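The values are calculated or read from the model by the stated rules, or taken from the named source; none is laboratory data. Not measured: the values here are computed from a predicted model. All Cβ positions, even for glycine, are placed from backbone atoms using ideal geometry, and neighbour counts span all protein chains on display. In case anyone asks, the SASA skips ligands and DNA or RNA and just uses the protein heavy atoms, side chains included. Shrake-Rupley method; radii C 1.70, N 1.55, O 1.52, S 1.80 Å.
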Amino acid sequence: MKILLVITGLSVGGAERQVVGMADFFSRKGHEVRLLYFQGAALMLPRSPEIKIESINLRKNIFSFVAAIPRIIKIINEFEPDVINTHLFHANVVFRVLRIFHKMPVLISSAHNSNEGGVVRRFLYRATDSLCDVSTNVSLSAVRYFEKNRLVKNGAMRVMFNGIDEDAFYFDEAVRRRVRESFLFSDDDRVVLAVGRLHKAKDYPNLLRAFSLSKQKLGSMFLIIVGDGEEKEVIIDLAVELGISEAVIILGSRNDVPDLMNACDVFVLSSASEGFGLVLAEAMACKRVVVSTDCGGAREVMGETGFVVPPSNSAALATAICRALTVPERERSRMGELARDRVKNYYSMSASGDAWISLYDAAFKGKKIR
């Protein structure tokens, strides 16, 4: 099968990691894959050299869109894909609109969040939904949000869970010791890890306030934040204001996230909104105890393997962090094993990738999906 994957950009993010992982999985399975992205630097790339990557340098205005149409059409005509699968708002809407003017094969639109934006975006999703063959999202809660806000008809959007490379995310005691030694952490130091863009939706102020409360109660603790973005100065200033700046380590974007997950004692997701919460599954695959706000698909991903609290409630988040950090070692080990088993059974890239191929095949053969 010839598969064209389209995404708005290839920066460091959950959706981007997912699409790149899908591309590699499809290529390993013998499918011909091409990856098209609209804008920005390509910070996330497939491992397979057989995957051709295209950029059209699209800007967020109508003139740029019109200018990009011939290039997009040329790519479609040259590749002749059996299936086009677009991801994220701009890619979804652009290809839906383009389909009015140019014949396409199967077009699948994939959202990756429970909240894709304001009134204009919701209108565009609603107005163009009939132009794709299949519409998907990454969790049941995200699908229900789309249905509740009438962005899709009830029952028309499919849940397609994200998948992670379980061979890249696993627990290794030697890695844990090495990384902790590199930070000069002692065996008694408690380490909390958060991974994600420094963006308002991730609600890092909530995490910092919760960490401050936890530190007052438990003593020696460190918070490692992996990510970059426009909220960095806000986070730094708040850490100073709370008197925890010496215990907060902001690393920026990193390529050793699995190692850092091994080094932490608890992984925390403090988001106000999410689609799936890919980093939760990654931490679970590393057998970490996870704490998350009840955002997007977090509860679906975690099941009974961690602690879930309401969003934007620092006191509740602090209580959950303290509970997670004081779980007896035997119970911690059991939770870690259950967490990894859950990921392997439901959220591995092999399980996710096979589900995508089944969906593509059904859509290509004209079977009723909606």
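Against the list (1) open to solvent by 10 Å² or more (accessible area, probe 1.4 Å); (2) modelled with pLDDT under 95; (3) touching a Cys at 6+ places or on another chain (Cβ under 9 Å), the condition D294 fails is (3).
Of the residues examined, F38 is one that is of a type outside the set (A, V, I, L, M), touching a residue at least 12 places away in the same chain (Cβ under 8 Å), surrounded by 14 or more Cβ atoms within 10 Å (Cβ to Cβ) and more than 14 Å from G353 (Cα to Cα). Scanning the stretch 111-150 for residues that are out of contact with any Ser or Thr (no Cβ under 9 Å at 6 or more places or on another chain), surrounded by fewer than 17 Cβ atoms within 10 Å (Cβ to Cβ) and not in a loop (DSSP other than H, G, I, E, B) gives V119, V120, R121, R122, F123, R126, A127, S130, L140, E147, K148. Check the stretch 49-60 and report whether any residue there is open to solvent by less than 50 Å² (accessible area, probe 1.4 Å), touching a residue at least 60 places away in the same chain (Cβ under 8 Å) and either part of a strand (DSSP E or B) or not basic (K, R) (or both). Taking every residue of the stretch 49-60 in turn, none turns out to be open to solvent by less than 50 Å² (accessible area, probe 1.4 Å), touching a residue at least 60 places away in the same chain (Cβ under 8 Å) and either part of a strand (DSSP E or B) or not basic (K, R) (or both).
Selection of the stretch 213-224 for residues being touching a residue at least 60 places away in the same chain (Cβ under 8 Å) and over 19 Å from A283 (Cβ atoms) yields L213, K217, L218. Of all residues in the stretch 68-86, none are surrounded by fewer than 17 Cβ atoms within 10 Å (Cβ to Cβ), free of Cβ contacts under 8 Å to residues at least 12 places away in the same chain and assigned to a loop (DSSP other than H, G, I, E, B). Among what's in the stretch 198-256 and is hydroxyl-bearing (S, T, Y) and more than 22 Å from the chain's Cα centre (by Cα), pick the residue that is surrounded by the fewest Cβ atoms within 10 Å (Cβ to Cβ). The qualifying residue surrounded by the fewest Cβ atoms within 10 Å (Cβ to Cβ) is S220.
Give me the residue from the stretch 144-174 that is closer than 19 Å to L280 by Cα and of a type in the set (V, I, T) and, out of that set, modelled with the lowest pLDDT. Quick ask: steps written out before the conclusion?
In the first step, residues of the stretch 144-174 are kept if they are closer than 19 Å to L280 by Cα; the result is 159-172.
From what is left, the residues that are of a type in the set (V, I, T) are 159, 164.
On the way: V159: 94, I164: 89.
Selected residue: I164.
Scanning the stretch 298-343 for residues that are buried (at least 20 other Cβ atoms within 10 Å of the Cβ), under 18 Å from K215 (Cβ atoms) and of a type in the set (S, T, Y) turns up just one, S314. Inspect all residues belonging to the stretch 167-180 and state whether any of them is surrounded by fewer than 17 Cβ atoms within 10 Å (Cβ to Cβ) and over 29 Å from M349 (Cα atoms). No: the stretch 167-180 contains no residue that is surrounded by fewer than 17 Cβ atoms within 10 Å (Cβ to Cβ) and over 29 Å from M349 (Cα atoms).
Within the stretch 175-214, track down each residue that is modelled with pLDDT under 95, of a type in the set (G, A, S) and part of a helix (DSSP H, G or I). Within the stretch 175-214, A201 is the sole residue that qualifies.
Being outside any helix (DSSP H, G or I) and not hydroxyl-bearing (S, T, Y) is the filter here; which residues of the stretch 89-110 pass it? Outline the logic, then answer.
Going residue by residue through the stretch 89-110, those that are outside any helix (DSSP H, G or I) are 102-110.
Of everything in the stretch 89-110, those that are outside any helix (DSSP H, G or I) and not hydroxyl-bearing (S, T, Y) turn out to be H102, K103, M104, P105, V106, L107, I108.
State the number of residues belonging to the stretch 1-22 that are open to solvent by 10 Å² or more (accessible area, probe 1.4 Å), among the aliphatic types (A, V, I, L, M) and more than 14 Å from the chain's Cα centre (by Cα). Looking only at that region, the number is 1.
Looking at A315, A324, A362, A351, just one residue is in contact (Cβ under 8 Å) with a residue 24 or more places away in the chain and within 30 Å of V134 (Cα to Cα), and that residue is A351. Residues considered: V248, V268, V240. Of these, the only one that is out of contact with any Lys or Arg (no Cβ under 6 Å at 6 or more places or on another chain), within 30 Å of F146 (Cβ to Cβ) and modelled with pLDDT of 95 or more is V268.
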